[in-house]
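A short reminder: the numbers here are calculations on the coordinates, not readings from a lab. Just so it is clear, the structure is predicted and the values come from calculations on it, not from any experiment.
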Amino acid sequence: EHWVVLKGKAKAQIGKKNILIKENESFFVPKLVSHKLENIGKVPLEIIEVQSGGILKESDTRKI
């Protein structure tokens, strides 16, 4: 997955690593790595998520 932050600020946990992503920044989530995204700002977070691969399903998604 490739995520691009359009508005707001986010904290991403990718595996055991935490990173801060701001507007106009992006990051890549490797295959089979657990990940989550958290809005850490006051502005609603807007992102674009691009998935690639042979099977594209939302079955790996869960809300916390």
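Under conditions of 4 °C and 1.567 mPa s, region 1-54 yields 115 µm² s⁻¹ as its translational diffusion coefficient, taking Rh as the Kirkwood radius over Cα pairs in the Stokes-Einstein equation. Extension gain for Lys17 to Val4 (0.36 nm times residue separation, less C-alpha to C-alpha distance): 2.9 nm.
Taking amide H as placed 1.01 Å from N in the peptide plane, Lys7 has its amide H under 5 Å from the amide H of Glu46, each at least 5 places away in sequence or on another chain.
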